[in-house]
Amino acid sequence: MIMKFLKKIPAGMMVVPMLLGAFINTFFPQITGIGSFTTAVFTSAGANTAIGIQLFCLGTTLQFREMGGVVKRGGILLLSKFAIGAAIGIGVGKIFGPAGLFGLSALAIISAVTNSNGSVYLALMNSFGDEVDQAAMPLLAINDGPMLTMIAMGVGGLADIPIVAMIAAIGPILIGMILGNIDKDLSDFLAPAGSILLPFIGFCLGSGMNLTNIVKGGAQGILLGLVTCLVGGAFIMACDRFIGRRPGYAGWAVATTAGNAVAVPAVIAATDPSWAAYADIATSQVAASAILTAVLVPFITAWWAKKFGCPKLPLAEASQK
């Protein structure tokens with residue numbers, strides 16, 4: 001009964017546990033904060049470990065001959081998401097100044113629109129994409145954090161790109177890929193773990209969210225989420241279709257705001273104190289966008305994949321839906 005329910009919801013294996021984790025963290029955090037294995041498994045403390053293991057297992061399924069496709073697909077998604085976020089944010093900042101438009105500062109816009117939720121993307125690619133789509137997740141991890149936001153805003157230290165952080169992000173999948181190419185039996189053994197870990201990762205990420213942030217972010221936070229999802233998503237989808245020659249479902253799948261993006265405004269404010277006055281409200285708005293997009297994007301991606309086709313649902317079959 002539970003599995004049937006989860007399968008009816010786009011990316012349900014990840015999104016439903018995430019919302020459950022967010023609900024518990026918001027209203028009953030003491031339940032999972034008792035320590036030991038319970039806290040390690042059912043709070044945000046275990047998120048990075050679970051994601052790392054998932055990427056390693058995913059890497060074992062990727063063959064060296066497919067790397068060109070990974071770089072091409074992931075690169076288009078990464079660059080187009082950065083481009084639309086930077087364009088909107090810089091445009092608002094130049095025209096309307098630091099305070100921004102409708103209460104949305106350039107800081108909030110760039111922080112939200114340029115960062116994507118990799119776990120939502122991977123869950124959706126597990127449902128609609130192929131192995132190359134899934135393997136693009138580590139490349140997309142480059143936008144998870146303050147680096148691209150700092151570049152887009154022109155904050156100091158633009159030449160100091162953290163190459164080690166990029167290598168660290170792709171490390172698990174690279175090691176898994178090497179081992180998987182050496183031993184096909186190892187690949188067959190570990191491949192299912194990528195899907196098995198989805199609900200655990202979803203719950204861990206949700207345990208780092210607070211549903212009250214939607215209220216704190218106000219109407220501006222909801223607006224930011226819609227801009228991230230609809231405006232950003234439409235642009236990324238168009239790039240995916242017309243540059244990448246793909247159906248476009250992956251473009252919608254990255255139209256989210258990463259949970260880690262919530263910390264970006266504070267990092268920027270610490271680097272450039274002139275943004276300190278806008279950091280708190282931007283943080284609430286970005287948090288609202290992270291929650292809203294995690295809910296909306298799976299449904300939009302599922303609708304698009306069914307209408308225009310995807311590896312798991314060819315166009316001929318999709319058109320009959």
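The values are calculated or read from the model by the stated rules, or taken from the named source; none is laboratory data. None of the values given here were measured: they were computed from a predicted structure. Positions of Cβ are generated from backbone atoms using ideal geometry, with glycine treated the same way; all protein chains shown enter the neighbour counts. When the accessible area is computed, the model is the full protein with side chains, heavy atoms only, and any ligands, DNA or RNA have been set aside. Shrake-Rupley method; radii C 1.70, N 1.55, O 1.52, S 1.80 Å.
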Discussion item. Quick check on region 270-277. Is at least one of its residues part of a helix (DSSP H, G or I), aromatic (Phe, Trp, Tyr) and over 22 Å from the mean Cα position of the chain (by Cα)?
Written reply: yes
Worksheet entry | Subset tally (residues that are assigned to a helix (DSSP H, G or I) and not basic (Lys, Arg)) for region 1-44 | 28
Discussion item. Every residue in region 293-317 that is in a helix (DSSP H, G or I) and either basic (Lys, Arg) or modelled with pLDDT under 90 (or both), please.
Written reply: ALA294, VAL295, LYS306, LYS307, PHE308, LEU315, ALA316, GLU317
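Under the condition of being loosely packed, with under 11 Cβ neighbours inside 10 Å and more than 26 Å from TYR249 (Cα to Cα), which residue from region 3-33 is farthest from the chain's Cα centre (by Cα)?
Here the residue is GLN30.
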Response to the item:
Residues in region 288-312 that are open to solvent by less than 30 Å² (accessible area, probe 1.4 Å) and not β-branched (Val, Ile, Thr) total 10
Worksheet item: Which of the following residues is modelled with pLDDT under 85 and open to solvent by less than 50 Å² (accessible area, probe 1.4 Å): GLY85, GLY68, GLY52, GLY89?
Response: GLY52
Fill in: Top-ranked residue in region 34-45 [being surrounded by 12 or more Cβ atoms within 10 Å (Cβ to Cβ) and over 17 Å from SER195 (Cα atoms); ranked as farthest from the chain's Cα centre (by Cα)]
THR38
Worksheet, complete the sentence: Reported set for region 242-260 where residues are modelled with pLDDT of 80 or more, in a helix (DSSP H, G or I) and crowded, with 23+ Cβ neighbours inside 10 Å is TYR249, ALA250, GLY251, TRP252, ALA253
Item to complete: Any chance you could count how many residues in region 94-123 are assigned to a helix (DSSP H, G or I) and either closer than 24 Å to SER195 by Cβ or free of Cβ contacts under 8 Å to residues at least 40 places away in the same chain (or both)?
Response: 9
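Among GLN320, GLN285, GLN220, which is under 21 Å from MET18 (Cβ atoms) and either open to solvent by 40 Å² or more (accessible area, probe 1.4 Å) or at pLDDT below 90 (or both)?
Every option except GLN285 fails the conditions.
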